[in-house]
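Heads up, the thing below is written out as structure tokens.
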Amino acid sequence: MSAERMFQSVPSDPDPWMSSDTPAEIRQLALESLRWQAQEIIDEVLCDKSPGEELARARLRRCVARHPGEPEQALLEQLSYNRDLPA
């Protein structure tokens, strides 16, 4: 499954795992926390200098460029791509 087809099925609500009656402040805090964690993971991967992982880092940089300000979406796209790679 391509990342484009997969993202078409993702709900537009950025935090669908929370009930709709969750206060807006809590929803915002959860989203900011998720984004912070995703950015930390991205930073760690991009700081790695392993020569064998350069292709993965280049792919991740493209994902980040396609999702400015949404590191969680960039990381999801990268992980989805990696999941579809042959073992």
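Taking the residues in segment 75-87 that are over 13 Å from Ile41 (Cα atoms) and open to solvent by less than 50 Å² (accessible area, probe 1.4 Å) as candidates, determine which candidate is modelled with the highest pLDDT. Even if it seems obvious, please write down each step before you answer.
Taking segment 75-87 and keeping what is over 13 Å from Ile41 (Cα atoms), we get 77, 80-87.
Narrowing further to those that are open to solvent by less than 50 Å² (accessible area, probe 1.4 Å): 77, 80.
On the way: Glu77: 93, Ser80: 88.
Filtering segment 75-87 for residues that are over 13 Å from Ile41 (Cα atoms) and open to solvent by less than 50 Å² (accessible area, probe 1.4 Å), the one modelled with the highest pLDDT comes out as Glu77.
How about segment 1-74: which helices (runs of 4 or more DSSP H) wholly inside it have at least 2 residues that are at pLDDT 95 or above and open to solvent by less than 90 Å² (accessible area, probe 1.4 Å)?
24-47, 54-66
Exactly one residue out of Ala65, Ala58, Ala74 is in contact with a Cys (Cβ under 6 Å, 6 or more places away or on another chain), of a type in the set (A, V, I, L, M, F, W, C) and free of Cβ contacts under 8 Å to residues at least 60 places away in the same chain, and it is Ala74.
Considering only segment 77-87, how many residues are over 19 Å from Arg35 (Cα atoms) and touching a residue at least 12 places away in the same chain (Cβ under 8 Å)? Step through it out loud before you land on a result.
Going residue by residue through segment 77-87, those that are over 19 Å from Arg35 (Cα atoms) are 81-87.
Add one more test, that the residue is touching a residue at least 12 places away in the same chain (Cβ under 8 Å), and what stays is 81-82, 84.
Total satisfying the criteria: 3.
The values are calculated or read from the model by the stated rules, or taken from the named source; none is laboratory data. Computed from a predicted structure; not experimentally measured. All Cβ positions, glycine included, derive from the backbone under ideal geometry; neighbour counts span all protein chains shown. Each accessible area value is taken on the protein alone, full model and side chains, heavy atoms only, with ligands, DNA and RNA left out. Shrake-Rupley method; radii C 1.70, N 1.55, O 1.52, S 1.80 Å.
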